[in-house]
Amino acid sequence: ALVSSPEQVRFPSPSKKKKKNHLVPSLIGNARFTSSKIPLFKEDSVSMSRPFGLKDYRKIYERSIEDPAGFWSEIASQFYWKEKWDLEVYSENIDVRKGSIKFEWFKGASTNISYNTLDRNIEAGNGGKVAIYWEGNEPDDDGQLTYLELLERVCQLANYLKHVGVRKGDAVIIYLPMLMELPIAMLACARIGAVHSVVFAGFSSESLSQRIIDCKPKLVITCNAVKRGSKAIHLKDIVDSALRESAKNGVTVDLCLTVENKSAMKRGDTKWKEGRDIWWQDVVPHFPTKCDVEWVDAEDPLFLLYTSGSTGKPKGVLHTTGGYMVYTATTFKYAFDYKPSDIYWCTADCGWITGHSYITYGPLLNGATVVAPNYPDCGRCWDIVDKYKVTIFYTAPTLVRSLMREGDEYVTRHDRKSIRVLASVGEPINPSAWRWFYNVVGNSRCPISDTWWQTETGGLMITPLPGAWPQKPGSATFPFFGVQPVIVDEKGNEIEGECSGYLCIKKSWPGAFRTLYGDHERYQTTYFKPFAGYYFTGDGCSRDKDGYFWLTGRVDDVINVSGHRIGTVEVESALVSHPQCAEAAVVGIEHEIKGQGIYAFVTLVEGVPFSEEIRKSLILSVRNQIGAFAAPDKIHWAPALPKTRSGKIMRRILRKIASRQLDELGDTSTLADPSVVDQLIALADF
Ligand code: 6R9
């Protein structure tokens, strides 16, 4: 009876009051970015749940900015709350000069996100709907869970966790690959008010122990091993050594719940510490399939997710319950135009924020069906799309570029007709990759949501709403409802109109992180002190004459050449648009005359040898597209680029190679393939 809108989050209708101006800035001409040939999506040619265009967006956006309390509380009312929030809805101090930074949403309310994802959907009659499809390493290794089955599995684990003494507010580290047990563990923690901290299962034992030492978990949940391609990775060994290291630092963990992942390793081959290690399969299935939820305050912590800063120990980004729940569900619904019949596939891993917000929480809150695969190869991806008739496909530019490099054949020989929305996240998507994604993968008929956001923001912040307005390849377009991005100059003054500068956010939003775990001071210093009065994103950004936002990469990636500020991504885009260039990474180097010079690492299309001719034509391509001032000083051939396991190019390492500081390369163990670094050094002609 208390379930108001079981399946979808609905927006409050735009306010009836007439307003003078809309708040999306309208600006003056920009030569570089406006030459898009991508067609305008007409309302009748796309599939938004209802006619939805720029006008509707502006009305709703305006309402969300003028009356955030009213706007978000109307949306929040569609969830189940045990107690309603205080009259205030939200309160904030975003200005360090006025005291400690504090964001609070739906304060005083109590709810439970596991209840809202599972029980609420089941009560609405969706118990038999598939919640998660799972694809393993081998194509015939698959599985699925309905909402009801998922709830039962979550309850069993929740009961087990309670049985071993995990209580509300306790931390639990989850070090699992993409097995069904991963979202189950997250939801079980949420159900009993425990704080999960998922550590991506590609992290080394040092990184894992750092996180264990920081959050002192009651237990660690892991599995014995996982297969990636033909290789078995012994995760349990990594956990063992992390736990030894933590113990040396005074943090002992008494319990290690281990999933037996039979396809990768047999029980008998797993190293075992009696008294501490327990097989999941031996205990969890014996617990009852019903478990009452622990009602938590909207501002109680939901999870910690560590993200690396540029230096020092990882930052424990802390998200709370109520605002995060409302924000992820709402952004999911609108940025992907989700409808109950959709099959949604996000290729991320739950070890990253994208997997938290747009695999486990946002979609299941909407009653969506999620496909959670392991390591697809270039053809596997489209096999999966066809097998499940995936309608919404969310991935990262790095995957797009690497698939693009293999040629169109892998894509075009698959049907892919089910896809209707494509989406991207993680880094700026360069226009040529965007076009390939649009033209080849989407057969020129699916809008692309280029979603800009961060671990810290909880959910996407700047994004197209599919089909609602004309796209420009490489632009994340406009802010989501309730989000007020501003561009500031070095001194922290907001700049208007067509401009570039630092991207900041002016007001709190429900999905924002609330602190860095155990270090509120670092939270304030890193994010709120650089530009007093704003949340500083660390990203550079420009805005064109039509008000479209263009993310230009982290500001530490901005290069200043003879007084010209050049985003590394702009140069990379120009390089990658060269028909023989597959991928490029650009860093700044010291330059005697120009201040900074441009150093470009380039990967060529399979089979194309590097030559002087190619070097020249790559430089010409940049000169032609941006201008002579942006021409790279150096082209360094890179058969492969150093990437993190989440697919981000490690520019820190490239900067060291470019500036020949080879003894300062730092930790390369978090790279997907550390040998790439040696290969690059061997190919350098210092
Ligand atoms: C969600 C996620 C955050 C950083 C962010 C920015 C870059 C993410 C982007 C994008 C341009 C996009 N980024 N999405 N840049 N366009 N659509 O990736 O979180 O891992 O914390 O990274 O990623 O530089 O500041 P996270």
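The values are calculated or read from the model by the stated rules, or taken from the named source; none is laboratory data. In this text the structure is predicted, and so the values were computed from the model without any measurement. With ideal geometry, Cβ positions are generated from the backbone for all residues, glycine too; neighbour counts draw on all protein chains shown. Remember, those area values only see protein heavy atoms, side chains included, never the ligands or the DNA or RNA. Shrake-Rupley method; radii C 1.70, N 1.55, O 1.52, S 1.80 Å.
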Please report, largest first and rounded to whole Å, the three semi-axes of the ellipsoid equivalent to segment 462-591, where each semi-axis is the square root of five times an eigenvalue of the C-alpha gyration tensor. 26, 20, 15
Chain lengthening between Asp142 and Ser204 when straightened (0.36 nm per residue, less Cα-Cα): 19.6 nm
Taking every pair of alpha-carbon atoms in segment 241-345, give the share separated by more than 23 Å as a whole percent. 62
May I ask you to order 608-616, 487-495, 451-459 by the average number of other C-beta atoms within 10 Å around their residues, highest value first? 451-459, 487-495, 608-616
What number, in percent, do you get for the relative contact order of the chain if the mean sequence gap of Cα pairs under 8 Å and at least 6 apart is divided by its residue count? 13
Could you give the length gained on full extension between Ile681 and Ala532, defined as 0.36 nm per residue of separation minus the Cα-Cα distance, in nm? 49.5 nm
For a quick check: with amide H placed at 1.01 Å from N, whose amide H comes under 5 Å from Lys545's, ignoring anything fewer than 5 positions away on the same chain? Asn30
Across 10 Å bins from the origin, how do the percents of Cα pairs in segment 259-305 run, short distances first? 18, 30, 30, 19, 3
With a 1.4 Å probe and all protein chains left in place, how much accessible area per residue does the chain have, in Å²? 38
In Å, the Kirkwood estimate of hydrodynamic radius for segment 520-638 over Cα pairs equals 15.7
Once you keep just the Cα pairs under 8 angstrom separated by 6 or more residues, what percentage relative contact order results for segment 178-331? 23
When the solvent-accessible surface of protein heavy atoms is calculated with a 1.4 angstrom probe, in what order do Asp56, Asp95, Asp667, Asp292 fall, highest first? Asp292, Asp667, Asp56, Asp95
A chain fully extended from Glu92 to Lys271 at 0.36 nm per residue, minus the present Cα-Cα distance, gains in nm 59.5 nm
Please compute the Cα-Cα pair-distance distribution of segment 80-122 with 10 Å bins starting at 0, giving whole percents from short to long. 26, 33, 27, 12, 2
Can you give the Kirkwood hydrodynamic radius of the chain from its Cα pairs, in Å with one decimal? 25.8
I'd like the Kirkwood hydrodynamic radius of segment 122-259, using the inverse of the mean 1/r over distinct C-alpha pairs, in Å. 15.8
Three-way shape call for segment 354-430 based on the alpha-carbon gyration tensor, with the a/c threshold at 1.5: oblate
Treat each spin label as a single point 7 Å out from the Cα along the C-beta direction, and report the Ser241 to Trp295 distance in nm. 4.8
Within the chain, what whole-number % of the accessible surface is contributed by carbon and sulfur, with the 1.4 Å probe and all protein chains included in the calculation? 50
Stokes-Einstein D for segment 61-203 at 25 °C, 0.890 mPa s, Kirkwood Rh over Cα pairs, in µm²/s? 138
The Cα extents of segment 178-229 along the principal axes, largest first and rounded to whole Å, are 35, 26, 14
Calculate for the chain the 222 nm mean residue ellipticity that helices alone would give, adding -39,500 (n - 2.57) per DSSP H run of length 4 or more and normalising by residue count, nearest 500 deg cm²/dmol. -7000 deg cm²/dmol
